[in-house]
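First comes the structure, then the notes that go with it.
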Amino acid sequence: MEKLSYKDSGVDIAEGNALVEDLKDLAQSTFNANVLGGIGSFSGAYKIPNGYKEPVILAATDGVGTKLRLAIDWGILENVGIDLVAMCVNDLICNFATPLFFLDYYATGKLNKTKALEVIKGITKGCLEAECALIGGESAEMPGMYQKEDFDLAGFAVGIAEKEKVERENSIKVGDILVALPSNGIHSNGYSLVRKIIAEHRINLESNFNGKTLIEELLEPTKIYVKTFKAIEHKIKALAHITGGGLIENIPRILPYDVDAIIEEQKIQTLPIFEWLTKYVEDSDKYQTFNMGVGMVLVCDCKEANALAKICNGYILGEIKQGSKRVKFA
């Protein structure tokens with residue numbers, strides 16, 4: 001009877017061990033004084049920062065979705081690492097949490113160390129931009145679950161906030177102002193529809209789009225708003241990350257039950273990629289699938305709005321009026 005090795009089943013332990021060795025320097029470039037130990041143990045350790053009266057730990061997890069399909073097919077892998085971090089840390093700051101550290105999970109049919117490192121380089125860049133440490137992760141080679149070198153990503157971010165901030169009453173009231181923070185593009189939502197459009201209309205992704213190829217535009221990474229949040233957190237009442245569900249579903253998550261968010265549609269600074277996309281999309285999907293150029297929406301007192309918009313490189317999008325926790329367009 002022929003005996004089999006683990007490698008015969010499609011799992012290459014040596015390649016996985018080599019990946020861990022090669023990524024250690026990348027991870028360590030994100031470390032700060034609160035990181036205890038290094039990469040390679042069974043878990044990562046992080047010391048609670050000083051200066052908090054009643055620290056509360058918050059956590060967020062997300063992936064990149066079917067944007068990965070385009071990235072894998074075209075071999076443009078670093079940006080999806082940035083996307084992975086962004087989708088998690090941008091959620092954390094909506095609960096007024098400062099990101100502390102990040103972990104990733106990389107699952108593939110056949111591990112290619114070079115390609116995995118490209119992704120992790122992007123994760124490292126994202127962590128540096130978000131000012132959080134990459135303290136661990138996991139790679140899994142799973143033949144039979146994933147085809148060949150296809151892979152999936154998951155990210156996990158942990159942040160910290162004062163308990164009084166987490167439990168504070170919602171102070172949004174009639175007369176407050178909505179300020180839009182621009183996105184880099186589509187970010188990481190709606191790509192199943194994007195890919196359907198490409199397939200149905202046989203669109204050439206190597207065609208020119210505003211000075212670069214269309215595929216490069218489609219794979220523009222999600223903007224990370226952590227530094228902006230840190231600069232303005234004491235002046236804002238709420239912050240909404242415009243992800244899946246668009247403006248219509250995400251803004252109500254921060255509203256009290258007795259108000260509406262009134263958006264002046266003509267004020268939305270729609271990016272060229274959305275002008276292109278919406279030629280192929282039902283009007284009902286525009287604001288419920290895509291961010292339409294708005295990556296974040298903050299709510300602030302009317303007296304702070306103009307100054308905050310300038311600080312954030314944003315713009316006034318609308319205002320809060322009496323209502324029932326909905327988004328309306330004017």
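List of remarks:
- Near pairs, Cβ below 8 angstrom, 6+ apart or cross-chain, from segment 53-80 (not assigned by the TED database to the domain that holds residue 149) to any residue that is surrounded by fewer than 18 Cβ atoms within 10 Å (Cβ to Cβ) and of a type in the set (Gly, Ala, Ser): none
- Residues satisfying the stated conditions in segment 41-52, i.e. outside any strand (DSSP E or B), touching a residue at least 60 places away in the same chain (Cβ under 8 Å) and closer than 21 Å to residue 166 by Cβ: 48, 49, 52
- Here residue 287 meets each of (1) in a helix (DSSP H, G or I); (2) touching a helix residue (DSSP H, G or I) at 6+ places or on another chain (Cβ under 6 Å); (3) within 19 Å of residue 66 (Cβ to Cβ) with one exception, condition (3).
- In the set 180, 161, 154, only one residue is among the small types (Gly, Ala, Ser), touching a residue at least 12 places away in the same chain (Cβ under 8 Å) and under 20 Å from residue 71 (Cβ atoms); that residue is 154.
- Residues that are open to solvent by 10 Å² or more (accessible area, probe 1.4 Å) and outside any helix (DSSP H, G or I) within segment 107-134 comprise 110, 111, 112, 131, listed in sequence order.
- Flag if residue 160 is in the same structural domain as residue 85 (by the TED database), over 30 Å from residue 13 (Cα atoms) and not in a helix (DSSP H, G or I): yes
Residue-by-condition table, conditions (1) more than 14 Å from residue 155 (Cα to Cα); (2) out of contact with any Ser or Thr (no Cβ under 9 Å at 6 or more places or on another chain); (3) surrounded by 24 or more Cβ atoms within 10 Å (Cβ to Cβ):
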| residue | (1), (2), (3) |
| --- | --- |
| 49 | yes, no, no |
| 64 | no, no, yes |
| 67 | yes, no, yes |
| 71 | yes, yes, yes |
| 81 | no, no, yes |
| 86 | no, no, yes |
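The values are calculated or read from the model by the stated rules, or taken from the named source; none is laboratory data. The structure presented is a predicted model; accordingly, all values stated were derived computationally and were not measured. Methodologically, a virtual Cβ is constructed for each residue, glycine included, from the backbone with ideal geometry; neighbour enumeration extends over all protein chains shown. Areas reflect the complete protein model, heavy atoms only, side chains present, ligands, DNA and RNA absent. Shrake-Rupley method; radii C 1.70, N 1.55, O 1.52, S 1.80 Å.
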